[in-house]
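Colleague: Just passing along the structure, written as structure tokens.
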Amino acid sequence: MSGETTIVVVGEVCTDKFVYGRCERICPEAPVPVLNPEREVTNIGMAGNVARNLSSLGVHVSQFDNGLQRPTKTRYVDEPSGQQVLRVDQDDWVPAFGSQLDRLRKDLEWIKPDAIVISDYDKGFLTIDDMRAISNLHPLVFLDTKKPLGKWCCDEESFTFVKVNEAEVNKSYKANGFCLESAPNVICTLGSGGCTYLGRTYSVKKVDVREVSGAGDTFLAALAAHYCKHRNKHRAIKFANLCSAYVVTKRGVTSTFPPSIVKKLEK
């Protein structure tokens with residue numbers, strides 16, 4: 001990817017912690033596995049992981065987030081099998097974006113980015129009004145949100161792409177009667193099934209899945225990075241699919257793309 005691309009990422013960040021160990025017996029007090037922890041791996045997650053993926057793809061990133069007051073997601077994993085035993089979320093609410101909008105507007109005038117990426121994990125950082133206001137600041141805006149979709153985001157005049165998964169589509173249907181057919185800018189990821197856009201399915205080859213955490217962040221970052229470079233929606237979707245399929249073959253949350261891998265995936 002070209003290092004000349006600049007993208008502003010807006011969204012809350014967290015600390016992702018993986019505690020790896022071995023489960024070799026069942027707890028005598030309850031039918032749950034006992035994990036003997038052996039090592040820990042920590043990295044920045046949520047919108048921070050989107051930014052890490054973009055940087056790995058050669059994009060210059062400027063970030064607006066919740067700073068040092070971050071949730072922590074701790075995943076306990078049986079290392080031999082790769083199975084997650086338990087996840088514990090701490091401090092799961094963050095300070096609101098609020099007054100940062102004016103600073104974002106001024107920074108955009110100075111940075112002149114190629115695009116804005118909004119990664120909304122619905123932890124209190126961004127409201128719908130915030131995201132609508134941000135969408136008016138740039139002609140190229142990518143959105144990934146955990147909030148139910150509706151008229152507020154499902155038109156190309158507001159957001160170039162809205163990325164969601166199947167569970168989020170179902171949640172939006174129950175909340176607002178949302179359906180994909182009425183949203184020309186929504187991409188729905190399907191896990192091992194690839195994704196759908198405008199009624200077309202973009203499939204991916206089956207891979208040996210080791211960890212799915214962060215795959216959605218990778219899809220969003222790869223989609224934005226590739227589209228900024230080539231301005232071709234279908235090529236960008238295919239590239240995002242391939243990048244997501246690559247990271248799920250790695251343990252933990254992976255955001256590293258060596259140049260040789262990027263060239264291979266872009267072919």
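The rows are residues; the columns are (1) within 14 Å of the chain's Cα centre (by Cα); (2) at pLDDT 95 or above.
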| position | (1), (2) |
| --- | --- |
| I44 | yes, no |
| G67 | no, no |
| T72 | no, yes |
| V88 | no, yes |
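Colleague: Turning to a different aspect of this structure: Just a yes or no: is a residue in the range 27-43 touching a strand residue (DSSP E or B) at 6+ places or on another chain (Cβ under 9 Å) and buried (at least 22 other Cβ atoms within 10 Å of the Cβ)?
Modeller: The answer is no; no qualifying residue exists.
Colleague: All but one of (1) among the hydroxyl-bearing types (S, T, Y); (2) surrounded by fewer than 13 Cβ atoms within 10 Å (Cβ to Cβ); (3) part of a strand (DSSP E or B) hold for T74; state the number of the condition that does not hold.
Modeller: T74 satisfies all of (1) among the hydroxyl-bearing types (S, T, Y); (2) surrounded by fewer than 13 Cβ atoms within 10 Å (Cβ to Cβ); (3) part of a strand (DSSP E or B) except (2).
Colleague: Considering only the range 169-205, state which residues are β-branched (V, I, T) and surrounded by fewer than 13 Cβ atoms within 10 Å (Cβ to Cβ).
Modeller: T201
Colleague: I've got another one for you. If you take the residues in the range 177-216 that are part of a helix (DSSP H, G or I) and either within 24 Å of A47 (Cβ to Cβ) or of a type in the set (A, V, I, L, M) (or both), which one is modelled with the highest pLDDT?
Modeller: Ranking the candidates gives G216 first.
Colleague: Being without any contact (Cβ under 8 Å) to a residue 12 or more places away in the chain, of a type outside the set (V, I, T) and closer than 25 Å to Y121 by Cβ narrows it down to one of D107, D65, D89, D102, so name that one.
Modeller: The unique qualifying residue is D102.
The values are calculated or read from the model by the stated rules, or taken from the named source; none is laboratory data. Remember, predicted model here, so these are calculated numbers, not experimental data. Note that each Cβ is placed from the backbone with ideal geometry, even for glycine, and that neighbours are counted across all protein chains shown.
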